[in-house]
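*Asks:* One structure, pasted below without further comment.
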Amino acid sequence: MKRDNSKLISDIGELTALFTDAANLDALLANIVKMIAFYMKVEVCSVYLFDDDTQMLTLRAAKGLRAGSIGKVRIKSGEGLTGIAFKELRAVCEGDTARHPDFRPVPGINDEKYCSFLAIPILRGQNRIGVMALQSVKRDYFSNEDVNIFRAITSQLVTTIEMAKLLFSFDHPRLDPVVDLKPTRLKFVKGRVGAVGSAMGDSIVFAPLALGDFKVPKGRKVLTLDDFRRAVALTEKELHEMQKAVEEKLLDVVALIFSAQIMMLKDRAMLGAMEALIVKGSPPQDAVRAVIGEYVSRFERMTNEYVREKRYDVIDVGRRILTNMAGRIDSRDQYVGKVVIARELLPSDIMKLSLQKVGGVVLLSGGVTSHVAVLARSLNIPLVVVDEPRLLTVTDGSCVLLDGAMGNIFIEPSEAVVRAFREKEKSRADVKRIQKALLNETRTSDGVRVTLLANINLLADLDVAKAFKAEGVGLYRSEFPFLLRGDFPSEEEQYVIYRRLVESMKGREVTFRTLDVGGDKMLSYYDNTREANPFLGLRSIRFSIKNRDIFIHQIRAILRASFDADVRIMFPMISSVDEFVVARDMVRECARALKSEGRPYQPRVKIGAMIEVPSILEVIDELASQAEFFSIGTNDLIQYMLAVDRTNEKVAEFYFPHHPAVLRAIKRVADGALRHQRDISVCGDMAHDPRYIPFLIGIGIRKFSLDARYLPRIQQCIAGIDTGKAGVFAAELLGKSSVSETARLLDHAVF
């Protein structure tokens, strides 16, 4: 039977007049979907409306689906074909839904038998009202004309639906419980590698704020004050042991990251309040919850953000006391060998997971260049970054296979997948064989010397750097001891860390990057006004110059620690020659002060700049007359040149290292350094990506600083490059004007 679309549009116009006769919004929508299904000759027509409170699409009318599903089925934006139409504000038309990877049948409403699918978002300007969808058992049922007609219908109906929704929402009864998409259908997710490695184990969603359910130990009817006191003592013992483990594993974080919790257990006011409730007759578990809840409320009312965040420590203490009172397994074992799924993590969270021997981490926020990902690499925690909120619905205890080499995540993997993965793991070269194959020096195929240095985040990275024969430290990220603490480290504390670094790399070059905080690396304890755009705010060298005392403590510690070593100091995010001169003069001032005090220090330290801000490109020659060396920080340079937040997964597709402007900018810096005979290196992700090494070699870069784990791969890559051919290749690449052209050339390059 032929569809009469023009008649349909006419009748829809008449249907809007029935608004006043409709008993409620559901009745009105039911009439609409029934009429559309009749004229479009489809088995199913449904309307989903967006709920501003729950931020979900709710099925509010349907012809052809199970009647009991109305008001019960809810879909997240971007979930399934309906959710995609809503999120991306476009028509979604599929001829065979069973073959589409995003098709998600809703359990219990019998929609899986329909092959053809068409969905149109209902919009009022930019205001999203909902989605209208059609389904048919016939394959390839909808034409381009149907899409256009259906779009016209929704535009006619939007005013009626929007007004009805508004008027009837005031007294509409609460919706029944959600019938959600089955989380078990999520079998595979592709993410991006944050930290290499692999893990397979039970999943657990990271929820550090939950106190959890409390059960009285078997064989006991009630708990006593003595049980409470024993639990407090055991909790304090556990925290001291965890702090000791931190100190033994990482000298950098001598800052007592568990000190806040330990102090709370010594606070007589807090513990006294709990004991008083117990004496009055409250069960110990209820007393703990009551006092913890009161303290959390107090902290939440604080205006200082750092103080507010102490509520996390309060809840952590409460959870540990309750766990020990319940006689459950030591909470330190909570994450052992498991794959943690987390919406977001703080640096201290990564530290705690490391201490609890977590198997791997799936992170739903941030990017692979974020400080959390960098820290995970130093702690040898496999990490994959992925934008897939449904992972938070994975049931705890589900088997998850995390392939940190490819960025693949398998939920309840089949035996075949597990077998293939294990075979691949066995085939990967072992560390000893890699070490044996490494050469003491790196050279191109035509014998040109190239220096490979290691990036160091924590002192724990030094063992890997030395094992893989790094020729020195090209970038020591000095901010990590700051990030993992509860306050600013003193000059003496920094001196101990820096001296350990210098002594470990004795006889080799070490470059200290001064404090680089701000952007995605915020100090929770620094009381400063929250910035609307921290990446363009008080960060890096700006922070140091503004906070002169903090900067001086760091510079003095570096100069003292390097009195007998080959050390260089590098300033991050330099945007002008003036900025560099101010920072350099502060170093000279510190050197004069140490000399007058008679303290040993390094008087011949070299001072350089990181090239990360586009403004410096226009004054690169003038900067070269002041700075003794350059290091190109490719991650931030790309971010600022392309106006792309490198930690934002939503714009990750616009982050192009091979953008012609980026490649030409790097070439300008290299030319400036070579003209003035200044040492130049490249760090950031481009330095460990074999795709870009021929270009960098071709423009004259002879020094690379990278994560030590990539050293073998890059040495092997460089050994196969002829510098003459690399120069020709670089010239050809620089001649391209579009991203697609440079990508094509890089993909087909042969050396």
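The values are calculated or read from the model by the stated rules, or taken from the named source; none is laboratory data. These numbers were taken from a predicted model, which means no experiment stands behind them. Backbone-built Cβ (ideal geometry, glycine too); neighbour counts: all protein chains shown.
*Asks:* Take residues that are at pLDDT 85 or above, among the β-branched types (Val, Ile, Thr) and buried (at least 17 other Cβ atoms within 10 Å of the Cβ) and tell me which of the strands (runs of 3 or more DSSP E) falling wholly in segment 177-232 contain 1 or more.
*Replies:* 188-190, 198-205
*Asks:* Just to confirm my filter: which helices (runs of 4 or more DSSP H) fall fully inside segment 364-453 and include at least 2 residues that are surrounded by fewer than 22 Cβ atoms within 10 Å (Cβ to Cβ) and either at pLDDT 75 or above or of a type in the set (Ser, Thr, Tyr) (or both)? Steps first, please.
*Replies:* Working: elements: 371-378, 415-427, 431-437.
Qualifying helices (runs of 4 or more DSSP H): 415-427.
*Asks:* Further question: If residue 543 satisfies all but one of (1) of a type outside the set (Lys, Arg); (2) modelled with pLDDT under 95; (3) surrounded by fewer than 22 Cβ atoms within 10 Å (Cβ to Cβ), what's the number of the condition it fails?
*Replies:* (3)
Yes or no, residue by residue, for (1) over 21 Å from the mean Cα position of the chain (by Cα); (2) at pLDDT 90 or above; (3) in a strand (DSSP E or B):
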site	(1), (2), (3)
459	yes, no, no
465	yes, yes, no
481	no, no, no
487	yes, no, no
496	yes, no, no
503	yes, yes, no
510	yes, yes, yes
524	no, no, no
529	yes, no, no
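*Asks:* Could you grab me the full set of residues in segment 629-670 that are buried (at least 22 other Cβ atoms within 10 Å of the Cβ) and of a type in the set (Phe, Trp, Tyr)?
*Replies:* Within segment 629-670, 630 is the sole residue that qualifies.
*Asks:* Of the residues that sit in segment 588-615 and are among the hydrophobic types (A, V, I, L, M, F, W, C) and in a strand (DSSP E or B), which one is farthest from residue 644 (Cα to Cα)?
*Replies:* So, considering only residues that are among the hydrophobic types (A, V, I, L, M, F, W, C) and in a strand (DSSP E or B), the one farthest from residue 644 (Cα to Cα) is 607.
*Asks:* Next question. Looking only at segment 561-595, filter to residues that are more than 20 Å from residue 546 (Cα to Cα) and of a type in the set (Asp, Glu); which one of those is farthest from the chain's Cα centre (by Cα)?
*Replies:* Among them, the one singled out is 564.
*Asks:* Based on what the data block shows, is residue 612 touching a Leu at 6+ places or on another chain (Cβ under 6 Å), among the acidic types (Asp, Glu) and touching a residue at least 24 places away in the same chain (Cβ under 8 Å)?
*Replies:* Spelling it out, residue 612 is indeed touching a Leu at 6+ places or on another chain (Cβ under 6 Å), among the acidic types (Asp, Glu) and touching a residue at least 24 places away in the same chain (Cβ under 8 Å).
*Asks:* Moving on to the next point. Take residue 673 and tell me if it is assigned by TED's automatic domain parsing to the domain that holds residue 560, aliphatic (A, V, I, L, M), farther than 28 Å from residue 405 by Cα and surrounded by fewer than 18 Cβ atoms within 10 Å (Cβ to Cβ).
*Replies:* Numbers: assigned by TED's automatic domain parsing to the domain that holds residue 560: yes; aliphatic (A, V, I, L, M): yes; farther than 28 Å from residue 405 by Cα: yes; surrounded by fewer than 18 Cβ atoms within 10 Å (Cβ to Cβ): no.
Judged against the criteria, residue 673 is not a match.
*Asks:* Among the residues of segment 49-56, is there at least one that is more than 24 Å from residue 162 (Cβ to Cβ) and of a type outside the set (A, V, I, L, M, F, W, C)?
*Replies:* Looking for residues that are more than 24 Å from residue 162 (Cβ to Cβ) and of a type outside the set (A, V, I, L, M, F, W, C), one finds none in segment 49-56, hence no.
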